[in-house]
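Contents: one structure, followed by commentary.
Taken together, the values in this text are just the output of simple stated rules run on the coordinates, not laboratory data. Bear in mind the structure is a predicted one, so any value in this text is a computation, not a measurement. Here the Cβ is made from the backbone with ideal geometry for all residues, glycine too, and neighbour counts use every protein chain on show.
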Amino acid sequence: MLDLSKYQSIGAALKDALDQFSDEVCLIESDREREKERLTYREFQRRAHPLARILQAAGLRPNERAAIVMTNQSKWLISAYAIFFCGGVLVPLDYKLTPDEQWQLLAHSGARMLVTEYPVWRQLAASAGRSAATNLATIYVTEAPANTDLAGARRWEEALSDTTAPVFVPRTRNDVATIVYSSGTGGRPKGCMMTHENYLEQCVALTSLYPFAPGFRYLSILPTNHAIDFMVGFFGPFICGATVVHLRTLRPEFVREAFPKYKITYVSLVPLVLKNLQKGLQARFDALPSGKRKMFNAAVAINKALTKGHPRLGLSRLLLKQVHSGFGGELRAIIVGGAFTEPQTLQFFYDLGIPVANGYGLTEAGTAITVNDLHPFRADTVGKPLPGMEVRIVDPGADGIGEILVQSKTVMSGYLNEPELTAETIVDGWLRTGDLGRFDRAGHLQLFGRKKNMIVTEEGKNIYPEDVESVFESLPVKEFCVFAANYIWPQRTMVGEQLVLAIHLEPGQTLTEDLRKNISLLNNRLLNYKRIHGIVLFEEDFPRTASLKIKRNILAERLAQADRATAIVKL
Amino acid sequence: MRTIDQTTQEILDLASKHFNVPAGTLAPDDDFFKKLGIDSLQTLELLSRIENHFNIELPDYEVQGVSDFRTLASRIQSRL
């Protein structure tokens, strides 16, 4: 692993990694059963330098922003490296957003360039939202079919013919490296400005617990625009000379096959996928004939007893050989993140000898704040603060539960173009997470719900009510407002979070079947994970500020006076 | 060559069989997430079934953002 304390920027560290590990395999890309590409670090450099050259020639200046909207693949990482090489600021966007949402964030970010793939571009180019992003000067599209009109974009592959050496542009630790959107496709975009130092420090902290090395293979499934995959599916493995495996299709059968095929060392999953994996395995265990099942259960019990204090991978692989060989036999840990994972799921895998690196974090804090160090494994907590993280609980109640605050070199420098929001979020150097927690006697953090008005789905999606409200604008009601149900009626839980629509009807109006249908129709325009689950009726005018903005906290307090179970009318 | 209506019906049949829903209870404009109560992973499983049935490959990006049977059928039809 490179000594990151010597580096000023992501680009400088990656540049040296490509030289130091030149003969190691850095990327494998597979499409179903076909391996499409296998690149060494040297070959990666040969692909990236021409792109950096063409980005510079097209006018990408230091500190200018360039966005990537692409599914996980080798060209994502090649493009990101080229942008860093030029001293640019990377804006990684979620390819799963709608084209209008992507244009909105492209406009907000002020990106001058965009690198995207043809299927994404096809939809972006056809979207009316394009007119919003006048800042975008140059667009590169990968894998576009020949003789296709690219609507003003250029072909990514054309860059590869340019053999002029690009000029490396150094950056300093405090320069912004990326703008990562933690939310904000509707109301108020939250573009987290992450510095080079944020990444360098986070990488040191994470790899101290979960190291990479040449020969280690990371299966990249979470979108790389996500903070977790960017760190453990790109920067972390690269500065250690490890290999990143990309799959062009995420169908469960191909993901399952990838583990033994590529002898995966680490993978990151969201809780939904982990739970699904658990269900699949449990069904297979249950289907075992009685005698075999007894033997299997005995092996699990022995493994459980012998790994109580810490994982013993070699032993677990021997005891539960069939389970481990299904995962390729070299899996060291499953990293789970993006949302809260239920303890019984974590325990299920640990009992099989597969440690799950469970933690807690948020984009604003530079990925992870706490991670379970597995000494011993604790399914009931999200682990201890990572090295370099100061975490405290403020305003604790009688039960010791209060808001989690974080101070660290990994905390973002602020939200792009949002000084007020930044000042509300980072107070006296402490990041207010809006999450509720408490430390136990062993120094492990436990989570107990949220203080903030938002939800996180099992798929790791952060949904803010403001982001979905606009879809209901045509509703024929006096006024409405979307809330996280747990914001109105606080619950000591991080699972099963839902959004509700608070409605104030016109005088004499009632909640008719037609109105419900209308709400359902509008709701269905939202991506499935963003939809509201119920309606709450409110019979007074919404409290508003002098500028007529809804006072959400006061409205929530008033709504909370009703009983949750009866107040929410299910859709 | 199948018509779009035939393709749609075959998808509805596959979905009702895969998720044990009585035949005839699914309609082309149904939101399959909501109607079947499934998540994105289960949708991917259904897509694999559909690919095998129609003997086609449907890249993940083709079904990105699709949530009703009719749109899904049109994406499949274009690859038959």
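On the principal axes of its alpha-carbon atoms, the protein assembly as shown has extents of 74, 67, 65 Å, going from largest to smallest.
What is the sum of charges, Lys and Arg at +1 and Asp and Glu at -1, for the other residues whose Cβ falls under 15 Å from the Cβ of A:Tyr350?
On the way: positive: A:Lys275, A:Lys304, A:Lys308, A:Arg312, A:Arg317, A:Arg332, A:Arg378; negative: A:Glu342, A:Asp351, A:Asp373, A:Asp380.
Net of charged neighbours comes to +3.
Across the range B:4-77, the volume of the C-alpha convex hull divided among the residues equals 77 Å³ per residue. In chain A, the calculated helix contribution to ellipticity at 222 nm averages -9500 deg cm²/dmol per residue, counting -39,500 (n - 2.57) for every DSSP H run with n ≥ 4. Once C-alpha pairs closer than 8 Å and six or more residues apart are averaged by separation and normalised to the residue number of the range A:345-499, the relative contact order reads 16 percent. Using the structure shown, list the pairs from A:Lys517/B:Lys35; A:Lys36/A:Lys75; A:Lys551/B:Lys35; A:Lys75/A:Lys96; A:Lys15/A:Lys190; A:Lys96/B:Lys17 with a Cα-Cα distance above 24 Å, or answer none. The pairs that break the limit, which is 24 Å between Cα atoms, are A:Lys551/B:Lys35; A:Lys15/A:Lys190; A:Lys96/B:Lys17.
In straight-distance terms, cross-link reach from A:Lys294 covers every one of the aspartates and glutamates whose alpha-carbon lies under 14 Å from its own, apart from those fewer than eight places away in the same chain; here that gives A:Asp286. Once the other residues with Cβ under 13 Å from the Cβ of A:Ala57 are scored (Lys, Arg +1; Asp, Glu -1), what is the net sum? Taking every Cβ under 13 Å from that of A:Ala57, the sum is +1.
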